[in-house]
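The values are calculated or read from the model by the stated rules, or taken from the named source; none is laboratory data. Given the structure is predicted, the values throughout are model-derived calculations rather than measurements. As a convention, Cβ positions derive from the backbone with ideal geometry for all residues, glycine included, and neighbour counts pool all protein chains shown.
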Amino acid sequence: MARGREGYATVLTWDLWDGWEKEVEPDDRAFGQFCFGLETLCGGEEAMARAYFARALEVCERGEREKPWSESPHYGFPLNRARLRRVRAHCLGLLTGPPATEALKADLRAASVDYQTWCAGLTASEWDPQGQAYYLAAVRLAQLVNETERARELLKSRRSLRYHTEERALLVAMASGATDSSFHVQYASFFDRIREPMYKPPFFFELHLVRLELALLYDSFCGDGPALDWRSAALKTAA
């Protein structure tokens, strides 16, 4: 684990609500707790991980109640709402286990639409690695709730995804139902590389989220167990 057990344990003692009155990015606060949860889960500290996921979930719930979204794109809307709902869905999956609840799937679906909406407003100069990463997030989340046709349409976009060509190719293969051995080799090559502890993406890349969501999709695509098993997928992200 990056921080070591004592470091992660110490963070859990910190006041989760310190500075909340002035908080303008509850999605970012929730995301930090969620990432610590994934890191501790992969490090074998299940109880600690659950505590982090519960904290992230608290932030999501309180953020939605107490921090009304500004509908101005200037303040990151609806990207901020998408990020919060996405984290909340993953925390629910990790805390409750399969099968996915309707509330969880509703969050994934809504987050996917929000990402798509936010990306649609980007100009050519704003269509950078970050914008492209969020666009592919919309695709992955659509696939996770079995909106395969919508995912296919998103992947037909004429806008370049040149910073994320490998991931796009994998998502296209999954959306088309590829079953040949070359797909599995392609997936293993990409996934094994991005889950390496020392892997440093050369551009904006949502490492924790891409790892988890690709593992979920691959398990759902190829596995014989529950369609979406968050804990199983999360553990596969550990090198």
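Quick notes on this one:
- Every residue from region 125-146 that is of a type in the set (D, E, K, R) and surrounded by 22 or more Cβ atoms within 10 Å (Cβ to Cβ): Arg140
- Among the criteria (1) closer than 28 Å to Arg195 by Cα; (2) in contact (Cβ under 8 Å) with a residue 24 or more places away in the chain, the one Gly44 does not fulfil is (2).
- Within region 85-104, the set of residues being touching a residue at least 24 places away in the same chain (Cβ under 8 Å) and buried (at least 19 other Cβ atoms within 10 Å of the Cβ) comprises Arg85, Arg86, Val87, Arg88, His90, Cys91, Leu92, Gly93, Leu94, Ala100.
- Note on region 204-239: residues that are modelled with pLDDT of 95 or more and either more than 16 Å from the chain's Cα centre (by Cα) or among the aliphatic types (A, V, I, L, M) (or both) total 11.
- The listed residue being modelled with pLDDT of 95 or more and out of contact with any helix residue (DSSP H, G or I) (no Cβ under 8 Å at 6 or more places or on another chain), out of Ala47, Ala56: Ala47
- Scanning region 171-201 for residues that are more than 17 Å from the chain's Cα centre (by Cα) and part of a loop (DSSP other than H, G, I, E, B) yields Ser176, Gly177, Ala178, Thr179, Asp180, Glu196, Pro197, Met198, Tyr199, Lys200.
- The residues of region 178-195 that are under 25 Å from Gly32 (Cα atoms) and either surrounded by 17 or more Cβ atoms within 10 Å (Cβ to Cβ) or at pLDDT below 95 (or both), listed by number, are Phe191, Ile194, Arg195.
- Residues in region 202-221 that are closer than 17 Å to Glu39 by Cβ and assigned to a loop (DSSP other than H, G, I, E, B): Phe205, Glu206.
- Checked against the criteria, Leu122 counts as in contact with an Asp or Glu (Cβ under 9 Å, 6 or more places away or on another chain), surrounded by fewer than 20 Cβ atoms within 10 Å (Cβ to Cβ) and farther than 23 Å from Glu21 by Cβ.
Table: residues versus (1) touching a helix residue (DSSP H, G or I) at 6+ places or on another chain (Cβ under 9 Å); (2) surrounded by fewer than 19 Cβ atoms within 10 Å (Cβ to Cβ); (3) more than 18 Å from His90 (Cα to Cα).
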| position | (1), (2), (3) |
| --- | --- |
| Thr148 | yes, yes, yes |
| Leu154 | yes, no, yes |
| Ser157 | yes, yes, yes |
| Leu170 | yes, no, yes |
| Ser176 | yes, yes, yes |
| Asp219 | yes, no, no |
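- Filtered residue count, region 119-170, keeping only those that are part of a loop (DSSP other than H, G, I, E, B) and in contact (Cβ under 8 Å) with a residue 40 or more places away in the chain: 3
- Of the numbered criteria (1) β-branched (Val, Ile, Thr); (2) crowded, with 20+ Cβ neighbours inside 10 Å; (3) not in a helix (DSSP H, G or I), the one Val24 fails is (2).
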